[in-house]
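The structure under discussion appears below in the form of structure tokens.
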Amino acid sequence: MAVIDAHQHFWDPARADYPWMTDDVATLRRRFGPEDLEPLLRANGVTGTVVVQARQELAETKELLALAEEWPFLLGVVGWLDLTGDVPAQLAGLVGKLVGVRHLVQDEPDPSWLLRPDVQRGIAAVGDAGLVYDLLVQTDQLPAAIETARRQPSVRFVLDHVAKRPRGDDDAWRAGVTALAACANVVCKVSGLFTEHAPEETAALALEWFGPERCMFGSDWPVSTLAVPYEQTLTVAAGDRDVLGETAVRTYGLET
């Protein structure tokens, strides 16, 4: 059985700017590269990974695609494109293992950013290219994410980090994520939970709402190092074949 880590990152703050790297995450302000992750994968029986964008520049997408050609364990890249621009033209300049696209929607001040006509056109173009769109949203952006999934039934969406469950009153989060789970074109990443609230319970809810056949494991390494060692991130998969790898292979079209 192939075990796939469907959500991890690489970066080097000495070479590029990452505005989200505030003082709260100061320990992440160093290079994290494939040479750091590969021993952890080998020690934990992880077959391969999907590396996900961490800055909003096309240059990073190209860098990640180049790394995927160099390191065999990198099975796919979820990169960044300017969704408000000419998506087909941007894609024409990319080669390699691009399997999806993501934008840091959680950082957009407008909770309805996803519903902008130019963004909707960009997401449709991503789907037309046979790529997945990863949804990085929080509770107040869930209504726009739900409407997007409903408007674009032919696009495959992946919800990152179960939409980052808030502390305290989480009724709106529960309602939003269950509404997304009702959309057949949405899959959920059981990822990034150990740096958020109630990781084990949140993982159980994701599995209940989406079913294991629409859930996939992601470590969110190296962000996860703020809270737990790599091996602990695997516990959210509950030993399920779909969550551990098969959902990621199906959703992203990975070759293992």
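Looking at 79, 93, 100, 85 in this structure, which one is modelled with pLDDT of 95 or more and surrounded by fewer than 22 Cβ atoms within 10 Å (Cβ to Cβ)?
85
Given the conditions (1) modelled with pLDDT of 95 or more; (2) under 21 Å from residue 103 (Cα atoms); (3) among the acidic types (Asp, Glu), which single one is not true for residue 196?
Only one criterion in (1) modelled with pLDDT of 95 or more; (2) under 21 Å from residue 103 (Cα atoms); (3) among the acidic types (Asp, Glu) is unmet by residue 196, namely (1).
Kindly indicate the residue of region 152-174 that is within 17 Å of residue 251 (Cα to Cα) and touching a residue at least 40 places away in the same chain (Cβ under 8 Å) and also surrounded by the most Cβ atoms within 10 Å (Cβ to Cβ) among those meeting that condition. Let's see the steps before the verdict.
Going residue by residue through region 152-174, those that are within 17 Å of residue 251 (Cα to Cα) are 152-162.
If we keep only those that are touching a residue at least 40 places away in the same chain (Cβ under 8 Å) too, we end up with 156, 158, 160-162.
Numbers: 156: 23, 158: 28, 160: 23, 161: 25, 162: 25.
So, considering only residues that are within 17 Å of residue 251 (Cα to Cα) and touching a residue at least 40 places away in the same chain (Cβ under 8 Å), the one surrounded by the most Cβ atoms within 10 Å (Cβ to Cβ) is 158.
Scan region 231-249 and give yes if some residue there is at pLDDT 95 or above and within 21 Å of residue 105 (Cα to Cα), otherwise no.
no
Filter region 108-146 down to residues that are in contact with a helix residue (DSSP H, G or I) (Cβ under 6 Å, 6 or more places away or on another chain) and among the acidic types (Asp, Glu), then give me how many there are.
Final tally of qualifying residues: 1.
Residue by residue, here is whether (1) basic (Lys, Arg); (2) touching a Leu at 6+ places or on another chain (Cβ under 9 Å); (3) touching a residue at least 12 places away in the same chain (Cβ under 8 Å) holds:
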{"site": "28", "(1), (2), (3)": "no, yes, yes"}
{"site": "42", "(1), (2), (3)": "yes, no, no"}
{"site": "55", "(1), (2), (3)": "yes, yes, yes"}
{"site": "68", "(1), (2), (3)": "no, yes, yes"}
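Are any residues in region 125-151 buried (at least 17 other Cβ atoms within 10 Å of the Cβ) and assigned to a helix (DSSP H, G or I), and if so, which ones?
Selection gives 125, 126, 127, 139, 141, 142, 143, 144, 145, 146, 148, 149.
The values are calculated or read from the model by the stated rules, or taken from the named source; none is laboratory data. This structure is a prediction, so every number in the text was calculated from the model and none was measured. Cβ: placed from backbone, ideal geometry, glycine included. Neighbour counts: every protein chain shown.
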